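Enquirer: Starting off with a structure, shown below.
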Amino acid sequence: MAVEPAGPKPGKLTAGRIGIYAFLVVSALFFLLPLAVMILTSMKPMDEIHNGNIFALPQHPTFDYWVKAWSSACTGRDCYGLSPGFFNSVKITVLAVPASIALAMINGYALCFWRYRGSEFLFTVLVFGAFVPYQVLVYPIIYALSRVGLFGTLPGIVIVHTIFGMPILTLIFRNFFASLPVELFKAARVDGAGFWGIFVRIMLPMSLPITVVAVILQVTGIWNDFLFGLVFAGHDNLPMTVQLNNIVRTSTGTVEYSTNMAATILTGLVPLVVYFVSGKWFVRGIAAGAVKG
Amino acid sequence: MGATNSSVVVREVSLNFGAVEVLKSLNLDVRKGEFIVLLGPSGCGKSTLLNCIAGLLDVSGGQIFIEGRNVTWEEPKDRGIAMVFQSYALYPQMTVEGNLSFGLKNARLPRDEIDRRVKRASEILQIEPLLKRKPAALSGGQRQRVAIGRALVRDVDVFLFDEPLSNLDAKLRNELRVEIKRLHQRLANTMIYVTHDQIEAMTLADRIAVMRGGIIQQLDAPHAIYARPVNRFVAGFIGAPGMNFIDGTIEEAGGKPVFRAGDARIDLSRYSFEGRSEAGRKAVFGVRPEHVATGEAASAMPFSAEASVEIVEPMGSDTLAWTSLGGQNLSMRADSEKAPRPGDRIRIGFDPGRASIFDAGTDMRL
């Protein structure tokens, strides 16, 4: 006869627990409220907005303003909506994210395993870069980029994002590699693998979890960027955030809240989706088995 | 370059990390096919020395020769060495087979040669059923077997082991220790083995190099290190439970050297001094717990005395009893069946000829 687990158990619903849940529910509502207002407003015609409560449900819900925000809202003189900005943002993100991550990965790997004279100093300088306010560097970079003819071009904005991603990404990757057993690196050297061999064959396959983190960080960071896009992208490559700003600030006639709300939600959708989809990719334990498990 | 039968020669090797001298002009001559154990407490430089021999650390001074070749600045892969690590260091994303063949693929060996070597190594280590598995699906003992296999396939003259058994539990450690010894007898390669475990050192080594502070204190056969330690550090480090040390002076009585500590006088005429014994010198008398006898056996010893038992530590196979001699602590190993009890008055005795005497100032053997 097996002995069934028995004995006093802690109560399931205590006053403290109820308090915690109540607090969580209230907090969630508090933070969801602006989103709810945005969604409701984006589906109301203007007269409903003017005459009704902002929390009131739309009486004649419509997606016309979403369509307008996407394809025909005016940003200054052009009236193509947000869509050109969306594709510009996609271009910038798709190019800058892999570029910055690849470079930072190699940086972190070299700084962790192939120490050379001055590498610690270089690392310190690089990390210090994370604390420099962006605005300080805007003018020097404008000057530098225009000297090489890249100011206001797609490669220009990609380079800027890659450079500014370097400090924090290098720090992340270096610390990740430092957490791997150094004996793995030594074993690979005895096995005759070189700088790139060890990087590609040993380290890259183990870097998936930290790479996912870096991708999330970069995608959201670059997508949400406004300053660099405004300054460096040039008229043809303005990202979605800048376009959004232009739509909202274009003041001909009445302010069309519905369109503005729809445009804002559309712009914020990409980082939101990234967070939702990638949550489960925060995988751990890829390195399990390399050391005593 | 050492004698022609040398396998690994370390000449005047120094290594500094900043201002810290980790290795101090160290010399070591390992013969072909010899099993050398580098033994010492943590921080003594034993792993550092092994990494220098492997080429994973650049020396600050001196030279390293392997099989007659100056390899001081060679890459690890070109030195003709293979290495086994404490944490196994298996590549987690590769199968066992991938781990074994990684180095051979890097060396661009032909496919059939790689297969032949992997097959042979996995036969020797009995890891054939594991070849398709990943390291995460292996037990600790299996992982270390694979790590040894990865060294084996390299088909080199010199094997380097960096505390390979330290991560394993006691039972597996004993099993793999025997296996490594068997491997050495079968392959007859040169093996340099780093450990802080004196049982491993004693059981495996042809010669042990006891290290401290970046210097080899003594390099000798295990029994010689046990019986005739060159200084107090080696004497205390080797042997478990540790050697007893009794402070006193060397005197002369009737033309014979005598060690005096408190009211105890130990006749040293059976002790062979390294040099001359000077009367009046402050010294430390070292005797191992297992060399102290009790009862009738004690009376038959060249030196014996009455002592009372203070503390008793049962250790299973035998019992460690703490008494005192000349007012200082003395432990002795007693048969568990006939172990004394605290408070007992017993007769203890030992042969001063098997003891070690060190200078109280320099700690060197007298």
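Enquirer: Going through A:95, A:150 one at a time, which residue ends up being among the hydrophobic types (A, V, I, L, M, F, W, C) and part of a helix (DSSP H, G or I)?
Expert: Numbers: A:150 fails: part of a helix (DSSP H, G or I).
The conditions single out A:95.
Enquirer: Same structure again: Filter the strands (runs of 3 or more DSSP E) completely within region B:247-366 down to those with at least 3 residues that are small (Gly, Ala, Ser).
Expert: Answer list for region B:247-366: B:303-308.
Enquirer: Among the numbered criteria (1) in contact with a Leu (Cβ under 9 Å, 6 or more places away or on another chain); (2) at pLDDT below 95; (3) at the interface with another protein chain (Cβ under 7 Å from one of its Cβ atoms), which one does residue B:54 miss?
Expert: Residue B:54 satisfies all of (1) in contact with a Leu (Cβ under 9 Å, 6 or more places away or on another chain); (2) at pLDDT below 95; (3) at the interface with another protein chain (Cβ under 7 Å from one of its Cβ atoms) except (2).
Enquirer: Just give me the residues in region B:73-101 being more than 7 Å from every other protein chain (Cβ to nearest Cβ), out of contact with any strand residue (DSSP E or B) (no Cβ under 9 Å at 6 or more places or on another chain) and of a type outside the set (A, V, I, L, M, F, W, C), in sequence order.
Expert: B:75, B:78, B:95, B:97, B:98, B:99, B:101
Enquirer: Here's something else I'd like to know. Among the numbered conditions (1) touching an Asp or Glu at 6+ places or on another chain (Cβ under 6 Å); (2) touching a residue at least 60 places away in the same chain (Cβ under 8 Å), tell me where residue B:33 comes up short.
Expert: (1)
Enquirer: Check region A:238-254 and report whether any residue there is within 14 Å of another protein chain (Cβ to nearest Cβ) and either free of Cβ contacts under 8 Å to residues at least 40 places away in the same chain or in a loop (DSSP other than H, G, I, E, B) (or both). Spell out the reasoning first.
Expert: The initial filter retains those residues of region A:238-254 that are within 14 Å of another protein chain (Cβ to nearest Cβ), namely none.
No, the conditions are met nowhere in region A:238-254.
Enquirer: OK, next. What is the one condition in (1) at pLDDT 95 or above; (2) within 13 Å of chain A (Cβ to nearest Cβ); (3) not in a helix (DSSP H, G or I) that residue B:165 does not satisfy?
Expert: The number of the failed condition is (1).
Enquirer: Kindly check whether there is at least one residue in region A:68-76 that is part of a helix (DSSP H, G or I), over 25 Å from the mean Cα position of the chain (by Cα) and in contact (Cβ under 8 Å) with a residue 12 or more places away in the chain. Show your work before the answer.
Expert: In the first step, residues of region A:68-76 are kept if they are part of a helix (DSSP H, G or I); the result is A:68-71.
With the extra rule that they be over 25 Å from the mean Cα position of the chain (by Cα), the set shrinks to A:68.
The next check asks that each one be in contact (Cβ under 8 Å) with a residue 12 or more places away in the chain; those that pass are A:68.
Looking through region A:68-76, at least one residue is part of a helix (DSSP H, G or I), over 25 Å from the mean Cα position of the chain (by Cα) and in contact (Cβ under 8 Å) with a residue 12 or more places away in the chain.
Enquirer: Select from region A:127-144 the residues that are assigned to a helix (DSSP H, G or I) and touching a Pro at 6+ places or on another chain (Cβ under 9 Å) and write down the one among them that is nearest to residue A:174 (Cα to Cα). Steps first, answer last, please.
Expert: To start, the set of residues in region A:127-144 that are assigned to a helix (DSSP H, G or I) comprises A:127-131, A:134-144.
Adding the requirement that they be touching a Pro at 6+ places or on another chain (Cβ under 9 Å) leaves A:127-131.
Numbers: A:127: 11, A:128: 15, A:129: 15, A:130: 15, A:131: 18 Å.
Result: A:127.
Enquirer: To continue, here is another question. Just a yes or no: is a residue in region B:49-62 assigned by TED's automatic domain parsing to the domain that holds residue B:198, touching a strand residue (DSSP E or B) at 6+ places or on another chain (Cβ under 8 Å), assigned to a strand (DSSP E or B) and not basic (Lys, Arg)?
Expert: Yes, because at least one residue in region B:49-62 is assigned by TED's automatic domain parsing to the domain that holds residue B:198, touching a strand residue (DSSP E or B) at 6+ places or on another chain (Cβ under 8 Å), assigned to a strand (DSSP E or B) and not basic (Lys, Arg).
Enquirer: So, in region A:178-201, how many residues would count as being more than 26 Å from the chain's Cα centre (by Cα), of a type in the set (Gly, Ala, Ser) and assigned to a helix (DSSP H, G or I)?
Expert: Result for region A:178-201: 3.
Enquirer: I would also like to ask the following. Find the residue count for region B:234-251, including only residues that are among the aromatic types (Phe, Trp, Tyr) and surrounded by fewer than 20 Cβ atoms within 10 Å (Cβ to Cβ). Let's see the steps before the verdict.
Expert: Step one: filter region B:234-251 for residues among the aromatic types (Phe, Trp, Tyr), giving B:237, B:245.
Among the residues that remain, those that are also surrounded by fewer than 20 Cβ atoms within 10 Å (Cβ to Cβ) are: B:245.
Looking only at that region, the number is 1.
Enquirer: Does region B:18-28 contain at least one residue that is at pLDDT below 95, within 14 Å of chain A (Cβ to nearest Cβ) and in a loop (DSSP other than H, G, I, E, B)?
Expert: yes
Enquirer: Scan region A:202-211 and tell me whether some residue there is part of a loop (DSSP other than H, G, I, E, B) and within 30 Å of residue B:105 (Cα to Cα).
Expert: Yes - at least one qualifying residue is present in region A:202-211.
Enquirer: Is it true that some residue in region A:2-18 is modelled with pLDDT of 80 or more, closer than 21 Å to residue A:68 by Cβ and surrounded by fewer than 12 Cβ atoms within 10 Å (Cβ to Cβ)?
Expert: no
Enquirer: Let me ask you something else. Quick one: residue A:108 ticks every box in (1) in the same structural domain as residue A:237 (by TED's automatic domain parsing); (2) surrounded by fewer than 20 Cβ atoms within 10 Å (Cβ to Cβ) bar one, so which box is it?
Expert: (2)
Enquirer: Further question: Out of everything in region B:102-120 that is within 14 Å of another protein chain (Cβ to nearest Cβ) and over 20 Å from residue B:92 (Cβ atoms), what residue ends up being nearest to the chain's Cα centre (by Cα)?
Expert: We begin by selecting, within region B:102-120, every residue within 14 Å of another protein chain (Cβ to nearest Cβ); these are B:102-109, B:114, B:117-118.
Subsequent filtering for residues that are over 20 Å from residue B:92 (Cβ atoms) retains B:107-109, B:114, B:117.
Values: B:107: 34, B:108: 38, B:109: 37, B:114: 35, B:117: 31 Å.
Among them, the one singled out is B:117.
Enquirer: Inside region B:131-147, can you point out the residues that are more than 10 Å from chain A (Cβ to nearest Cβ), surrounded by fewer than 22 Cβ atoms within 10 Å (Cβ to Cβ) and part of a helix (DSSP H, G or I)?
Expert: B:141, B:142
The values are calculated or read from the model by the stated rules, or taken from the named source; none is laboratory data. None of the values given here were measured: they were computed from a predicted structure. Note that each Cβ is placed from the backbone with ideal geometry, even for glycine, and that neighbours are counted across all protein chains shown.
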